[in-house]
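Here the structure comes first, spelled out in structure tokens, and everything after it is commentary.
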Protein chains: 2
Amino acid sequence: MILNVDLSADVPIYQQIRDQVVEAIAHGALTEGSPLPPTRTLAADFGVNFHTVNKAYDLLRQEGLIRLSRGTGAVVTAAATDQVLPSDWTARARTLLAEAVARGISPDEVLRTCQTLLTSFGPAKQEDTR
Amino acid sequence: MILNVDLSADVPIYQQIRDQVVEAIAHGALTEGSPLPPTRTLAADFGVNFHTVNKAYDLLRQEGLIRLSRGTGAVVTAAATDQVLPSDWTARARTLLAEAVARGISPDEVLRTCQTLLTSFGPAKQEDTR
DNA sequence: AACTTTGTTCTATAACTAATAGAACAAAGG
DNA sequence: CCTTTGTTCTATTAGTTATAGAACAAAGTT
């Protein structure tokens, strides 16, 4: 897994780390049981404080995406088959989609863009259809 | 236009105001030339400081969605027919969509949800097809 | 011309967040 | 027993959020 942080971006570092792990899981680059690097190692790689990485991992644990344990480290948990989108996700999506439409992009093109993004991390996940 | 702010939400007040204006524009509830309430009026309605509303309006101006002038107030500008989604929008969309997929929601269902949201503010905008 | 409306700019303050720093502790594993 | 790795604690610096009050500048109204 390749992670990058942009120290001068306006997105908080811990959020960038969290987002990239989420995307790696969506892509299938990280699957159930995949280990994440130790906080101190990742922090050293990025040249940031390990507390910052810790915060990202803590977020991911709260979201149920990884499991943390001492000595062992962080591993990705099973995709919980939530089946249901949390209401706050829908609210954030509404805002984001509205932003594009408000700028004059046609709903059709917005939807096509979403589809392209979704298929970009779709194929790796061959759904078990038994 | 009906705006609401939740003072106890974890989303900043100025961001909530900005988001709701964006959604109103996307819905067509606000169109080119529609006036927004004066900052002090809106602030009084919400029970917040007028500097907070000011910040939201300033954001909307930076995004090119409204025009501000003294004495006259804030009015919605023409949908600029950008035609192109800014790259940072795509990045935010990627993160949001990945979040759903990482939680085990199927890409198909995510796309359907996006489509539903988009059509919810689509119909008001009868595109001029001459 | 005088007055009102409305955005703009300035300083200031309190509470919270982001990031860094260092230290010590606790459990898993070799 | 030692190393690895997450957990918790205190502390500091810089930036953000929201409030507060004052003054100014331009547009519109009377």
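Spin-label model, A:Ser8 to B:Thr41: label points 7 Å out along the Cα-to-beta-carbon direction sit 4.3 nm apart. Comparing B:Asp19, B:Asp88, B:Asp58 in a Gaussian network model of chain B (Cα springs below 10 Å), the most mobile by mean-square fluctuation is B:Asp88. Mean separation of Cα pairs under 8 Å and 6 or more residues apart, divided by the residue count, gives the stretch A:13-76 a relative contact order of 39 percent. Among chain B residues, the beta-carbon with the smallest distance to the axis carrying B onto A is reported, with distance in whole Å, as B:Cys114, 2.
Here the spin labels are modelled as points 7 Å beyond Cα on the Cα-Cβ line, and at B:Val84 and A:Gln15 they lie 2.5 nm apart. Mean residue ellipticity at 222 nm, helices only, chain A: -16000 deg cm²/dmol; runs of at least 4 DSSP H residues each add -39,500 (n - 2.57), and the sum is divided by the number of residues. With the gyration tensor restricted to C-alpha atoms of the stretch B:40-109, the semi-axes of the equivalent ellipsoid amount to 34, 19, 9 Å, longest first.
Every Cα-Cα pair in the protein assembly as shown was counted, and those over 22 Å apart are 62% of them. Pick out which of A:Gly28, A:Gly47, A:Gly64 has the largest mean-square fluctuation in a Gaussian network model of chain A, springs linking Cα atoms closer than 10 Å. Looking only at A:Gly28, A:Gly47, A:Gly64, the biggest GNM fluctuation is shown by A:Gly47.
Counted over the stretch A:13-76 with a bin width of 10 Å, the fraction of Cα pairs per bin, in whole percents, is 23, 60, 17. Can you classify chain B as rounded, prolate or oblate using the Cα gyration tensor, where a ≥ b ≥ c are the square roots of its eigenvalues, rounded means a/c under 1.5, and otherwise it's prolate if a/b beats b/c and oblate if not? The shape class here is oblate. Within the shell of other residues whose beta carbon sits under 12 angstrom from the beta carbon of A:Ile17, the net charge comes to -3, with Lys and Arg scored +1 and Asp and Glu -1. Each label was represented as a point 7 Å from its Cα along the Cα-to-Cβ direction; for B:Arg92 and A:Arg70 these points are 4.1 nm apart. Estimated from the Cβ-Cβ distance and a Förster radius of 35 angstrom, the FRET efficiency linking B:Glu32 and B:Ser106 is about 0.35.
All of the numbers you see were taken from the coordinates with simple rules; none came from a lab. Being a predicted model, the structure only gives us computed values, none of them experimental. We place every Cβ from the backbone using ideal geometry, glycine too, and count neighbours over all the protein chains shown.
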